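Working notes, structure below.
The values are calculated or read from the model by the stated rules, or taken from the named source; none is laboratory data. Keep in mind that this is a model prediction, so the values were computed, not measured. Positions of Cβ are generated from backbone atoms using ideal geometry, with glycine treated the same way; all protein chains shown enter the neighbour counts.
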Amino acid sequence: MVFQLGAPLLDACVLAVLTEGDAYGYTLTQQVKSVVDISESTLYPVLRRLEKDNCLETYDEPFQGRNRRYYKLTDEGKTKFDFYLMEWSKFVEAINRLMEGKGNE
Amino acid sequence: MNKEEYISELSNCLKRLPESDKQKALEFYREYLEEAGQENETSTIEALGTPKELAKKIIVECVDKNYIKEELSESNDSNINNDSSQEAKKEKGKVKLSAIWIVLLAICALPFSPVVIALVIALLVIVISILITIGALVLSGVVTAIAGLIMFVVGILSIFSMPGGALLPIGIGLTCIALGVLMSIGFYELGKLIVIGFVKLGGSMVHKKKGGNKNA
């Protein structure tokens with residue numbers, strides 16, 4: 001990937017996946033990884049940070065004799081995601097205008 | 001390396017982290033490897049990097065967290081009334097100390113190239129020499145104050161035998177006491193500022209490292 005992924009965009013990606021439903025660490029990583037170029041160890045700090053900021057909460061569910069830790073969006077997380085979504089579309093629009101030369105009209 | 005070996009080595013590298021941080025990280029990565037399944041175990045372990053590299057990322061995250069705690073307690077300071085601000089200060093000191101500790105850990109978790117070792121030793125020597133200098137300056141302030149006190153006492157004792165001649169040592173003594181107290185307090189505060197500066201410098205160095213590794 002040519003463009004770099006900063007912390008807010010990474011947060012937004014994780015929140016976006018979780019708006020589709022609760023997920024556990026492995027699938028969450030694989031889903032984000034299938035879209036953007038991150039390493040396997042990128043998401044753990046992101047998840048901890050989002051959890052600390054009360055954007056998501058965790059719960060455990062037994063699976064084949066062990067636990068799966070699911071991550072779930074909180075109301076605060078949803079608000080945060082809406083904010084990111086708005087900011088992102090503004091950003092994309094501005095960059096598009098610039099790159100496609102419409103800014104000069 | 002199989003899953004169990006990987007986790008136990010990771011646990012080894014995280015030994016000095018707060019227990020809850022360590023357990024959370026270990027649980028996460030254990031579950032991660034279990035979800036990846038037996039057939040993907042080797043490739044996933046490879047993708048995660050060596051336990052040391054992974055430990056470094058986890059430790060850096062903990063430094064971040066402690067920094068945020070520190071900022072919080074600092075901003076709270078202004079809102080708290082006097083009796084609890086003493087406690088807040090104590091708490092702040094603790095957080096700062098653990099920040100120093102974690103910065104040291106992060107340095108230790110780096111791959112040990114000779115350059116890193118040399119840099120660390122150089123930095124330590126600089127810090128120690130600055131501390132010794134500051135200590136010597138504070139001590140000189142204290143000694144000046146003590147000398148002033150002795151002069152003052154000598155002056156007072158001789159005031160009856162030679163009233164005129166006693167005024168000189170009394171004056172010099174008082175001046176020295178004032179100078180000495182000012183010097184020791186001033187240099188002590190300066191030393192504190194320098195130590196805090198180094199801690200912040202260390203913290204920002206770790207932050208930079210983190211930025212560099214994010215896309216690795």
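Within segment A:70-83, does at least one residue satisfy the condition of being hydrophobic (A, V, I, L, M, F, W, C), crowded, with 18+ Cβ neighbours inside 10 Å and assigned to a helix (DSSP H, G or I)? Yes, the conditions are met somewhere in segment A:70-83. The single condition among (1) of a type in the set (S, T, N, Q); (2) under 14 Å from the mean Cα position of the chain (by Cα); (3) more than 9 Å from every other protein chain (Cβ to nearest Cβ) that A:N54 does not meet is (2).
In summary, A:E40 fulfils each of the numbered conditions (1) within 14 Å of chain B (Cβ to nearest Cβ); (2) at pLDDT 90 or above; (3) touching a Phe, Trp or Tyr at 6+ places or on another chain (Cβ under 8 Å); (4) outside any strand (DSSP E or B) with the single exception of condition (2). Among the candidates B:K65, B:K92, B:K57, B:K69, the residue that is modelled with pLDDT under 65, within 9 Å of chain A (Cβ to nearest Cβ) and surrounded by 15 or more Cβ atoms within 10 Å (Cβ to Cβ) is uniquely B:K65.
Conditions tested, residue by residue: (1) of a type outside the set (F, W, Y); (2) within 19 Å of A:M1 (Cα to Cα); (3) in a strand (DSSP E or B).
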position: A:Y26; (1), (2), (3): no, no, no
position: A:T29; (1), (2), (3): yes, yes, no
position: A:S34; (1), (2), (3): yes, yes, no
position: A:R49; (1), (2), (3): yes, no, no
position: A:N54; (1), (2), (3): yes, no, no
position: A:D60; (1), (2), (3): yes, no, yes
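For segment B:13-39, a tally of residues being of a type outside the set (A, V, I, L, M), more than 10 Å from chain A (Cβ to nearest Cβ) and over 23 Å from the mean Cα position of the chain (by Cα) returns 3.
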